[in-house]
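Presented below is the structure to which this report refers.
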Amino acid sequence: MKKVKPKKNLGQHFLTDLGVAEAIADTVDACPGLPVLEVGPGMGVLTQYLIKKPRELRVVEIDRESVAYLHEHFPQLDGKVISGDFLRMDLSELFGGQPFVLTGNYPYDISTQIFFKMLDNKDLIPCCTGMIQREVAQRMASEPGTKAYGILSVLIQAWYHVDYLFTVDEHVFNPPPKVKSAVIRMTRNAVEDLGCDERLFRRVVKTVFGQRRKMLRVSLRQLIPPGVADAAIASNPMLTRRPEQLTIDEFVQLTNWVEPFCGAPTKGDAEP
């Protein structure tokens, strides 16, 4: 079977550097013993190294041509190739409900959606590694007070330790993307309960970063009905700050402060 042609509509950029591929595959070693799910294997450049590891491997691929290629070239994956959309999968059905490592060379256009799905299944995914657009990786790993610190930084770091491992240049892909890539590793931290309403936490973070240049006392008006808590807002010194200045713990405090004043979620408050 001939090689798979990258499809623009699927955001496919096939990695061609085997050294980089092996280094990415080795990132799963941070969580030994767990089965691995690879997202978007394409022609198996990572798969060829993952399959050598002493653990169960499954791959999920939405491109039918790539699925056919994997069946032909990786007979070891018989019954382990899932033809479908990762974003629509019920992850609790994988590996008999056992926790697993998520990895892959993630499509740029859905990488953020993949990580929000990871957050929704954080009890099943203690470790997530892989390659994404460098800018996204920088946002995920950034600290308070930096320009890149934002929604992804807060929501992911609330539950995971994030390590920016290394940068990957454009020329090792076919076709070359217009931006650099980066390899990251996320491992679950010790947090089991944020200490606040998790859904409201997401709403608060998304709302204030939607107006990141404004003080919190201004952006939070989107959550608090007009005329409610005016005195409390005026007397809370935290609300004179901007969202990029807050730590995770302070966002938890802010969520608990907001909760008594805000109403039920509206259609405009959908989770990111």
TODO: Mind checking segment 114-219 for trypsin sites (Lys or Arg not before Pro) that DSSP puts in a loop (not H, G, I, E or B) and that have at most 10 other Cβ atoms within 10 Å?
DONE: 147, 178, 213
TODO: Give the carbon-plus-sulfur fraction of the accessible surface of the chain in %, rounded to a whole number; probe 1.4 Å, heavy atoms of protein chains only.
DONE: 50 percent
Task: Rounded to 10°, Cα long-axis angle of helix 248-258 versus longest principal axis of the chain - done: 50 degrees
Task: Calculated Rg and Dmax of the chain using C-alpha coordinates, Å - done: 20.6, 70
- [ ] Please sort by residue number the trypsin sites (Lys or Arg not before Pro) in segment 1-37 whose DSSP state is loop and whose Cβ has at most 16 other Cβ atoms within 10 Å.
- [x] 2, 3, 7
Open item on the list: Would you work out the Kirkwood radius for segment 93-236? I mean one over the mean of 1/r across all pairs of different Cα atoms, in Å.
Closed with: 17.1 Å
TODO: Tell me the Kirkwood hydrodynamic radius of segment 139-212 in angstroms, computed as one over the mean inverse distance between distinct C-alpha pairs.
DONE: 14.2 Å
Task: Most mobile listed residue (25, 232, 148) in the chain, GNM with C-alpha springs under 10 Å - done: 232
Task: Calculated Rg and Dmax of segment 61-111 using C-alpha coordinates, Å - done: 12.1, 30
Task: 5 angstrom amide H check on residue 12, placed H, neighbours 5+ away - done: 7
- [ ] May I ask you to evaluate 6.51 cos²θ - 1.76 cosθ + 1.60, the Karplus curve with θ = phi - 60°, for each residue of segment 166-176 and list the ³J(HN,Hα) values in order in whole Hz, giving x for glycine and proline?
- [x] 6, 9, 10, 6, 5, 6, 9, 10, 10, x, x
TODO: Give me the distance in nm between label points sitting 7 Å out from Cα along the Cα-to-Cβ direction at residue 247 and residue 10, one decimal.
DONE: 4.5 nm
- [ ] Quick one: plug the Kirkwood hydrodynamic radius of segment 14-84 (C-alpha pairs) into Stokes-Einstein at 10 °C, 1.306 mPa s, and report D in µm²/s.
- [x] 130 µm²/s
Open item on the list: Mean-square fluctuation check for the chain, GNM, Cα pairs under 10 Å: which of 46, 87, 37 is largest?
Closed with: 87
Open item on the list: Checking the cross-link filter: which lysines have an alpha carbon closer than 20 Å to that of residue 5, excluding same-chain neighbours under 8 positions apart?
Closed with: 178
- [ ] With springs connecting C-alpha atoms under 10 Å apart, model the chain as a Gaussian network and identify which of 42, 19, 227 has the largest mean-square fluctuation.
- [x] 227
Open item on the list: Relative contact order for the chain: what percent, with Cα pairs under 8 Å and sequence separation of 6 or more?
Closed with: 16 percent
- [ ] Any lysines with Cα under 27 Å of the residue 122 Cα? List them, leaving off those in the same chain fewer than 8 positions away.
- [x] 52, 53, 80, 147, 206, 267
Open item on the list: Highest mean first, how do 247-256, 89-98 rank when packing is the count of other Cβ atoms within 10 Å averaged over residues?
Closed with: 247-256, 89-98
Open item on the list: Could you compute the net charge surrounding residue 48? Neighbours are other residues with a C-beta less than 12 Å from the C-beta of residue 48; K and R count +1, D and E count -1.
Closed with: 0
Task: Modelled FRET efficiency - R0 22 Å, residue 143 with residue 217, Cβ distances, 0.05 increments - done: 0.40
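The values are calculated or read from the model by the stated rules, or taken from the named source; none is laboratory data. Predicted model only: the values in this text are computed from it and were never measured. Here the Cβ is made from the backbone with ideal geometry for all residues, glycine too, and neighbour counts use every protein chain on show. To get the accessible areas, we keep the full protein, side chains included, count just its heavy atoms, and leave off ligands, DNA and RNA. Shrake-Rupley method; radii C 1.70, N 1.55, O 1.52, S 1.80 Å.
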